[in-house]
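*Asks:* Structure incoming, see below.
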Amino acid sequence: MTNTNNIYSLAVAGVQKLIPYKAGKPIEELERELGLTQIIKLASNENPLGPSKKALAAIQSALPKLALYPDGSGFHLKQALAKKYAVDASQITLGNGSNEILELVARAFLTPQFEVIFSQHAFAVYPLVTQAVGAKAVVVPALNYGHDLQAMAQAITPDTRLVFIANPNNPTGTLLAQADLEQFIGALPDTIVCVLDEAYFEFVNQSADINSIDWLKKYPNLIITRTFSKAYGLAGLRVGYSLSSPEIADILNRVRQPFNNNSLALAAAEAALSDDDHLQQTITNNTQGMQQLTNGFKALGLQWIPSAGNFVSVDLEREGLPVYEALLRKGVIVRPVANYALPTFLRISIGTAAENALFLQALGEVLG
C-alpha cells in the first residue's frame, strides 16, 4: 500500500505547504450546520441586487446551445469591452473570474528565482499564486491599512519580476491617489510586470476620474484586471478580464485554457456590460448602504477603515472570530479577516437596506 505521506512529497515544494483560499461561508452550509432558515450573507462582496434582467435574458437565450462548446476566443464579449474602454480587442484576456488572470500571470512570468512584491493586508490570492509557482513573496508593511508605495519601491531588487497592487484594496477598501499610483508604475523597471487589480473599480465615487486604462499606452508592463463578479452581479458565472499591451495578452493567452468561460457566462457578461441602469442602481445601493453601516458602527462606538469598495472592515477592539461565530448563530454571515493580519476586524459586504439593518441589530446584540 502506498504511504499517503509519500503522495504529498510528490507535489512541487510550493504546493506542499500551500493553504487553500477559504471563501466566505455559503448560505447552504450554514443551513446544514445550524438548521437555520432565515440567513443573510454579507461575506463575499457579492451584488445584493443580483444580476441584471438583461443578463438573465441573455442566459435564457443561450440555453439551447449548451451542447456546443463556447467561443474559446470570447469574440463578442471582447468586442463589447474594447468598445466600452476604447482599447483594441487584442489587449483583452478573459478569465474564469479575475482570480484566474492572477494565476495566469504567475504561471507566465514567475519561476522560483523571482520575487513578487505586494502589500500587507492585500488580497489573499497574491501570496497563493506566488507560492504555487515557487516564487518568493515580499510582503511590504501597510501604511494606514493600505499600500505604502514608497516602501514597495524600496523593496525592489534585481530579482523582482512582479508587483501586485489592489486599488481599491481588499479587504481594507483603501484607495491610492491616481497621481501617486502612476508615478510608482512609471518608475518601475521594464523588467517588472505590474498587476493593477481593479476588481472594485465601479464602486469608486470618482471612478470617472480614474484613468488607469490610459496608462496602457505608456507602460507596456502594466496589466489591469477587472471582474463581472462584483458590480455586475455575476459571481456565480465567473467572468473576469485583463487589459494590457497586446504582447502581454498574447503571452497570457498562451497559458489560458481554450474554453475557460462557458457560453452562459459570456452571454451574460456581454449583456450586463450594456445595462447602465442596473449598474447605477447597484452603485446607489452601495453608497446608501455604506452610509447606513458606518452610521450604525458610529452608534455602537466602533471604528472602521474608510472603504472605496462594496464592503467595509470594522474594528471590534476584541477578537473577531468569536463575534463572527455568534453572528452565524443569528443567521448572519460576515467575513473574519484574521488571515489578513486583522484579527480584531470583521469585513462586511454592503447588502440591501433590510440586510444591513438585520446585521447591525445582530451585531449590537452580540456586542451587548
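*Asks:* May I ask you to list the residues in the range 86-99 that are assigned to a helix (DSSP H, G or I) and open to solvent by 30 Å² or more (accessible area, probe 1.4 Å)?
*Replies:* Correct list: SER90, GLN91, ASN99.
*Asks:* Moving to a separate point now. Scan the range 125-141 for residues that are surrounded by 22 or more Cβ atoms within 10 Å (Cβ to Cβ) and more than 20 Å from the chain's Cα centre (by Cα) and jot them down.
*Replies:* The answer is ALA135, and nothing else.
*Asks:* Name the helices (runs of 4 or more DSSP H) wholly within the range 261-368 that hold at least 1 residues that are in contact with a strand residue (DSSP E or B) (Cβ under 8 Å, 6 or more places away or on another chain) and without any contact (Cβ under 8 Å) to a residue 40 or more places away in the chain?
*Replies:* Helices (runs of 4 or more DSSP H) meeting the threshold: 276-299, 320-329, 353-367.
*Asks:* Quick one: THR130 ticks every box in (1) of a type outside the set (A, V, I, L, M); (2) within 30 Å of GLN154 (Cβ to Cβ); (3) part of a loop (DSSP other than H, G, I, E, B) except a single one, so which number is it?
*Replies:* Against the list (1) of a type outside the set (A, V, I, L, M); (2) within 30 Å of GLN154 (Cβ to Cβ); (3) part of a loop (DSSP other than H, G, I, E, B), THR130 comes up short only on (3).
*Asks:* While we're here: I'd like the residue in the range 43-53 that is within 22 Å of ALA362 (Cβ to Cβ) and in contact with a Leu (Cβ under 9 Å, 6 or more places away or on another chain) and, out of all such residues, is least open to solvent (accessible area, probe 1.4 Å).
*Replies:* The residue in question is ASN47.
*Asks:* While we're looking at this one, here's another question. Of the residues that sit in the range 208-241 and are part of a loop (DSSP other than H, G, I, E, B) and basic (Lys, Arg), which one is most open to solvent (accessible area, probe 1.4 Å)?
*Replies:* Looking at the filtered set, the residue picked out is LYS218.
*Asks:* Same structure again: Conditions first: (1) open to solvent by less than 30 Å² (accessible area, probe 1.4 Å); (2) of a type outside the set (S, T, N, Q); (3) closer than 28 Å to PHE359 by Cβ. ALA267 passes all but one, so which condition is the exception?
*Replies:* Among (1) open to solvent by less than 30 Å² (accessible area, probe 1.4 Å); (2) of a type outside the set (S, T, N, Q); (3) closer than 28 Å to PHE359 by Cβ, the lone unmet condition for ALA267 is (3).
*Asks:* Filter the range 146-183 down to the residues that are assigned to a helix (DSSP H, G or I) and open to solvent by 10 Å² or more (accessible area, probe 1.4 Å) and list them by number.
*Replies:* Initially, the range 146-183 is screened for residues assigned to a helix (DSSP H, G or I), giving 149-154, 178-183.
Scanning the range 146-183 gives LEU149, GLN150, ALA151, ALA153, GLN154, GLN178, ALA179, ASP180, GLU182, GLN183.
*Asks:* While we're looking at this one, here's another question. Within the range 1-77, considering only helices (runs of 4 or more DSSP H) that don't extend past its boundaries, which have at least 2 residues that are modelled with pLDDT of 85 or more?
*Replies:* In the range 1-77, 53-62 are the helices (runs of 4 or more DSSP H) which contain 2 or more residues that are modelled with pLDDT of 85 or more.
One line per residue, one yes/no per condition, for (1) within 16 Å of the chain's Cα centre (by Cα); (2) among the hydrophobic types (A, V, I, L, M, F, W, C):
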position	(1), (2)
PHE118	yes, yes
LEU143	no, yes
GLN150	no, no
ALA155	no, yes
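*Asks:* Another question, then. If you scan the range 73-85, which residues turn out to be open to solvent by 50 Å² or more (accessible area, probe 1.4 Å) and within 13 Å of VAL239 (Cβ to Cβ)?
*Replies:* The answer is HIS76, and nothing else.
*Asks:* Determine, yes or no, whether LEU279 is in contact with a Phe, Trp or Tyr (Cβ under 9 Å, 6 or more places away or on another chain), closer than 23 Å to GLU198 by Cα and modelled with pLDDT of 95 or more. Outline the logic, then answer.
*Replies:* Working: in contact with a Phe, Trp or Tyr (Cβ under 9 Å, 6 or more places away or on another chain): yes; closer than 23 Å to GLU198 by Cα: yes; modelled with pLDDT of 95 or more: yes.
In short, yes.
Quick grid of which residues meet (1) within 28 Å of ILE348 (Cα to Cα); (2) not hydrophobic (A, V, I, L, M, F, W, C):
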position	(1), (2)
ALA124	yes, no
VAL129	yes, no
ALA135	no, no
VAL139	yes, no
ASN144	yes, yes
PHE184	no, no
LEU188	no, no
VAL193	no, no
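*Asks:* Could you say whether any residue in the range 54-66 is among the β-branched types (Val, Ile, Thr), under 26 Å from PRO246 (Cα atoms) and surrounded by fewer than 21 Cβ atoms within 10 Å (Cβ to Cβ)?
*Replies:* First, pick out the residues of the range 54-66 that are among the β-branched types (Val, Ile, Thr): 59.
Narrowing further to those that are under 26 Å from PRO246 (Cα atoms): none.
The answer is no, given that none of the residues of the range 54-66 is among the β-branched types (Val, Ile, Thr), under 26 Å from PRO246 (Cα atoms) and surrounded by fewer than 21 Cβ atoms within 10 Å (Cβ to Cβ).
The values are calculated or read from the model by the stated rules, or taken from the named source; none is laboratory data. Just so you know, these numbers come straight off a predicted model, no measurement behind them. Here Cβ is always computed from backbone atoms with ideal geometry, including for glycine, and neighbour counts include all displayed protein chains. Remember, those area values only see protein heavy atoms, side chains included, never the ligands or the DNA or RNA. Shrake-Rupley method; radii C 1.70, N 1.55, O 1.52, S 1.80 Å.
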